[in-house]
Amino acid sequence: MNEALIESAIAGEREALSLLWQSSRRWVATILLAHKPRDADLEDLLQVVAMQMCRKISTVDEPKAFKSWLRTVAINVARQEGRKTTNRKRSMLRLVGLEQSNDRSPSPADVIAAESDESRKIYQAAMSLPMGYREPVLMRCVRSMSYQQIGEVLELPTTTIETRIARGRRMLREILAQQEREQHAERETVSSVSARGGAR
């Protein structure tokens with residue numbers, strides 16, 4: 001990323017801020033996807049991150065720290081939205097007298113809205129990966145970022161990114177295979193019960 005552009009943005013130049021956000025928006029969206037609650041709107045969260053970047057970028061000490069700083073901002077925005085979502089759900093549950101003592105934060109999801117069921121199934125499976133694998137896999141598969149770009153965002157060597165993506169994809173295949181086995185067993189059970197019922 002252009003350090004001169006970052007320096008100008010830190011200094012408060014509007015055009016530099018706009019260009020910097022345009023070049024960062026794509027990978028920031030992936031970070032939000034990996035951390036946001038299911039019902040949160042991605043575009044709304046991107047706007048919040050953009051506003052915080054404009055307001056607080058002057059606190060960044062040097063250009064090299066920018067990506068790490070913005071990634072932290074995005075994660076915090078997503079987690080804050082998660083807490084809001086949890087609180088809203090708890091309020092509604094209390095209202096109808098159905099609050100659960102073990103209510104947990106909703107898992108991130110809601111992904112590729114206009115995609116096929118298969119794409120959504122793959123995305124949802126990816127959301128169950130450990131975070132160290134989830135972020136690079138989503139950056140690579142959803143945003144088509146290069147290993148070098150991902151390494152720059154996550155501040156990790158390219159070789160580490162390659163290893164994590166390879167392992168993440170392997171885990172993803174195992175998750176999908178297990179889901180398929182479970183669905184097959186469920187269909188077999190339903191079919192067996194239906195056949196017995198029809199024989200009576």
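Would you order K67, K36 from fewest to most other beta-carbon atoms within 10 Å of each residue's own beta-carbon?
The most exposed by this proxy come first: K67, K36.
Order by neighbour count: H184, H35, fewest other Cβ atoms within 10 Å first, most last.
So the ranking, lowest neighbour count to highest, is H184, H35.
In what order do L46, L70 fall by count of nearby beta-carbon atoms within 10 Å, going from fewest to most?
Ranked by crowding around the Cβ, least crowded first: L46, L70.
What length, rounded to one decimal in nm, is gained on full extension from R181 through to K64, with 0.36 nm per residue of separation minus their alpha-carbon distance?
Length difference between fully extended and current span is 37.5 nm.
Residue separation times 0.36 nm, minus the C-alpha to C-alpha distance between M51 and E13: what's the value?
Full-extension gain reported as 12.2 nm.
List, in order, the whole-Hz ³J(HN,Hα) value for each residue of region 126-137 obtained from phi through the Karplus relation with A = 6.51, B = -1.76, C = 1.60 and θ = phi - 60°; use x for Gly and Pro.
Computed from phi, the couplings for region 126-137 are 4, 5, 8, 5, x, 4, x, 9, 4, 4, x, 5 Hz.
Can you check what the net charge comes to around E7, using other residues whose Cβ is under 12 Å from the Cβ of E7 (Lys, Arg +1; Asp, Glu -1)?
That sum, taken over residues with Cβ under 12 Å, equals -3.
All of the numbers you see were taken from the coordinates with simple rules; none came from a lab. What you are looking at is a predicted structure, and each value in this text was computed from that prediction instead of being measured. Heads up, the Cβs are rebuilt from the backbone with ideal geometry, glycines too, and the neighbour counts pull from every protein chain shown.
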